[in-house]
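Here, each number is a calculation from the coordinates, and none is a lab measurement. Predicted, not measured: the structure shown is a model, and the values here were computed from it. Glycine also receives a Cβ, built like all others from the backbone with ideal geometry; neighbour counts cover every protein chain displayed.
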Amino acid sequence: MCGIVAVTGYKKALPLLINGLEKLEYRGYDSAGIAIINSETNFISCNKAKGKLKNLISNLNDHNIPGTVGIGHTRWATHGKPEVKNAHPHTDSSGNIAVVQNGIIENFQDLKNKLEEEGIIFNSDTDTEVIPHLIQRELNTLNKLNLENNGSTLLVAVRNVISDLEGSYALAVLWSGAPTSLVVARRQAPLIIGLGEGEFICASDTPAIANFTNIILPMEDEEIALLTPLGIEIYDSSNERQYRNPISLKVSEQIMDKMNFKHYMLKEIYDQPQTAKNWLENYLIKNLDNGQYQIKYPFDTEFFESIERIEIIACGTSKHAAMVGSFLLEQFSGIPTNVFYASEFRYSPPPLLPNTLTIGVTQSGETADTIAAIDMEIKRRSSIEDKKFKPNLIAITNRKESSIGRQVSNIIDICAGIEVGVAATKTFFAQLLSFYGLAIKFAQIKGNQSPDEIGKLINELIKLPPLLEDLLHKHNKSSEKLAHDFFNIKDVIFLGRGINYPIALEGALKLKEISYIHAAGYPAGEMKHGPIALLDKKVPVISIASPGEVFDKVISNAQEAKARDSYLIGIAPECNGTEIFDYLMKVPSSNELISPLLNILPLQLLSYHIAAHRGLDVDQPRNLAKSVTVE
């Protein structure tokens, strides 16, 4: 959620920090700050600003801070309001130590109480501020041992402090007593080290590093590292020195180019036809012997044959994609499938059953609840000797180099490219495609569908890219026009049934996220069991009515809303029954199973244009973050 950048080397730190923080703006934040060890005075210069990074840059315009070692941060508020006093970096009482931190220190209040009893005065409401004070206390103790003021001493001090911290964190620490050194550490929050020539940069996400180097060394959980211009020392939780090879970063995947679009979100909505093409090229392989298509993964799928049930763990938009996936896996592939909120799974997991496949879905690969839930499932299944209970795992993510990519070996890379808009669009679409692939694969393995039925579904997927391009062309202007009528709307209800119920949920979520209009998604048949009480002419209803098994039922439910004077918007092909809608957002007629991939686009466009018409920050909506790394 928050962004960290830390540098040490021979180049001036300030421009490197600002450039790195700019690349992390897409994650969402409410304040920013930097700290640099001034090479002329050996003091730490610390600057902070509330709001966007441009405010910090404005504050720094008259500051030419010499120094090659520094840390920077964009903060998403957890403890304390988004105010300058709560912005990072935080320092100790002497100003000789500066710390930036992502995550949450769960026992900070106990630590703070003890420090206040010792006379320490706190200047913020954050959990982070306890860390520099604890490090200073530890350094005072080490100084009594006549240890040298250097990076190794700082490393020992930080290691001793983090042993007392409970919760999750990624942190970077400066100390004026070690003016060329950085210490960084992580627990359940991402940190990546970029390797340059005599220079190193550490960040919480790869875009901050991409302009600096394409050689990276992701830190593992519970590791701590000392960075100096001379090299890197990494240690695990047992204080054992770690040695491993760095990996190459595909810089092309980190490029953030808005092109000619007004917002990244609109550009990413328009990326979806190419996303479909990418998926078809990467995962759909034609068998030259029989002419049939197969789904090909970069891992051995032999274990699929023994799978009897599936559990999917996800949060937010990813959970909506998982719900579509559950429908496909049950109704098309014939495998019992359950979807769980990761945050709930952690504390009320289902009973352990044999031959279960666990799928973790996270676009960032860093979602704290999802990673923790997967880790719990690995541990509880590994504790059972019966092989039928062994962990069978898949992760669906847009970032295979992420934490979940190191946690799970079987990765389905959704291949969507970096998504800057906080509200997921193309990554949701790509996650949906991943579940279509899994449904086809399991149907082929289990024999629950005939080759003809599987072939029909595959052919529908192959036809998608031009259909999507046509949809975007037709709906962009019409959605913009419709958005004018929604300017003063305060409540919207979305209805869907069957495979499109999750699309109703996702449409409502998108509208909430970026326009701040209250919206709720319901199964259409459930409207009369409560939500119908909300309906009047001021509450529009958006109904997803794809021809198929439940089409007539959805139209009947729409009639119920019409009778309460609600303005009706339909997401449907033009056909008998759709004349009921006051406004029809036309989509092509298709196999009902494919319809979610078509229905989601007009909903995304409508949400986008409503938010843009209201003059809101579409790409970085308030209070939201791209990568949710706290529980």
Quiz item: Once a ≥ b ≥ c are taken as the square roots of the eigenvalues of the Cα gyration tensor of the stretch 406-564, is the result rounded (a/c under 1.5), prolate (a/b larger than b/c) or oblate (a/b not larger than b/c)?
Solution: prolate
Self-check item: Selection from G20, A424, Q109 lying farthest towards where the dipole of the chain points positive, charges on Cβ
Solution: A424
Quiz item: For a paramagnetic label modelled at 7 Å from the Cα of K388 toward its Cβ, which residues of the stretch 315-359 fall within the zone defined by backbone nitrogen distances under 12 Å?
Solution: 353-356
Quiz prompt | Longest exposed-site-free window of the chain, the sites being chymotrypsin sites (Phe, Trp or Tyr not before Pro) in a DSSP loop that have at most 12 other C-beta atoms within 10 Å | solution = 11-242
Exercise. Collect residues whose amide H, placed 1.01 Å from N in the peptide plane, falls under 5 Å from the amide H of Y293; neighbours closer than 5 in sequence don't count.
Key: N287
Quiz item: For the stretch 504-516, what does the Karplus curve 6.51 cos²θ - 1.76 cosθ + 1.60, with θ = phi - 60°, yield as ³J(HN,Hα) per residue in whole Hz, taken in order and with x for Gly and Pro?
Solution: 4, 4, 5, x, 5, 5, 4, 5, 4, 4, 10, 10, 6
Quiz item: If the limit is 21 Å between Cα atoms, which of K510/K553; K54/K262; K262/K463; K538/K562 go over it?
Solution: K510/K553; K262/K463
Self-check item: Gyration tensor (alpha-carbon) shape descriptor, the stretch 3-254, a/c threshold 1.5
Solution: rounded
Self-check item: Relative contact order of the stretch 435-517, defined on C-alpha pairs under 8 angstrom at six or more residues apart (%)
Solution: 16
Self-check item: Rounded if a/c under 1.5, otherwise prolate or oblate - the chain, Cα gyration tensor axes
Solution: prolate
Practice problem: With θ set to phi - 60°, apply the Karplus curve 6.51 cos²θ - 1.76 cosθ + 1.60 along the stretch 535-544 and write out the HN-Hα couplings as whole Hz, x wherever there is a Gly or Pro. | Solution: 6, 6, 5, 8, 10, x, 10, 9, 10, 9
Quiz item: Assigning unit charges at the beta carbon (Lys, Arg +1; Asp, Glu -1) and nothing else, what dipole magnitude in debye, to the nearest 20, does the stretch 472-615 show about its Cα centre?
Solution: 340
Quiz prompt | Separation between Cα centres of the stretch 485-507 and the stretch 551-584, rounded to whole Å | solution = 13
Self-check item: Within the stretch 3-254: Cβ-based charge dipole about Cα centre, in debye rounded to nearest 20 (Lys, Arg +1; Asp, Glu -1)
Solution: 660
Quiz prompt | Neighbour-count order for D127, D491, fewest beta carbons within 10 angstrom listed first | solution = D491, D127
Practice problem: Would you calculate, for the chain, the mean residue ellipticity at 222 nm contributed by helices, counting each DSSP H stretch of 4 or more residues as -39,500 (n - 2.57) and dividing by all residues, to the nearest 500? | Solution: -11000 deg cm²/dmol
Quiz item: Between the stretch 335-359 and the stretch 87-142, what's the alpha-carbon centroid distance in Å?
Solution: 39
Practice problem: Mind jotting down the distance between the C-alpha centroids of the stretch 144-208 and the stretch 440-461, whole Å? | Solution: 51
Self-check item: GluC sites (Glu not before Pro) restricted to DSSP loop in the stretch 353-448 with at most 12 other C-beta within 10 Å
Solution: E385
Exercise. Give the residues of the stretch 299-332 whose amide nitrogen is closer than 11 Å to a point set 7 Å from the Cα of N338 in the direction of its Cβ.
Key: 310-312
Quiz prompt | the chain: relative contact order in percent, alpha carbon pairs under 8 Å with at least 6 residues between | solution = 12
Quiz item: Relative to the present Cα-Cα distance, how much length would full extension add between K481 and R614 at 0.36 nm per residue of separation?
Solution: 46.6 nm
Quiz item: Residues with amide H under 5 Å of R187's amide H, sequence separation 5 or more or different chain, H placed in the peptide plane at 1.01 Å from N; which?
Solution: Y169, A170, E222
Quiz item: Counting only DSSP beta bridges with both residues in the chain, what percent are antiparallel, rounded to the nearest 5?
Solution: 65
Exercise. Using the number of other C-beta atoms within 10 angstrom as an exposure proxy, rank K553, K267, K537 with the fewest first.
Key: K537, K553, K267
Quiz item: Can you give me the relative contact order of the stretch 472-615 as a percent, contacts being Cα pairs under 8 Å and 6 or more apart?
Solution: 29
Practice problem: List the lysines whose Cα lies under 30 Å from the Cα of K388, skipping any in the same chain that are fewer than 8 positions away. | Solution: K296, K319, K379, K400, K441, K446
Quiz item: Sorted from fewest to most neighbouring beta carbons within 10 Å, what does the list E560, E40 look like?
Solution: E40, E560
Self-check item: Sequence-distant lysines (8 or more away, or on other chains) whose Cα lies within less than 28 Å of K112
Solution: K48, K50, K81, K85, K144
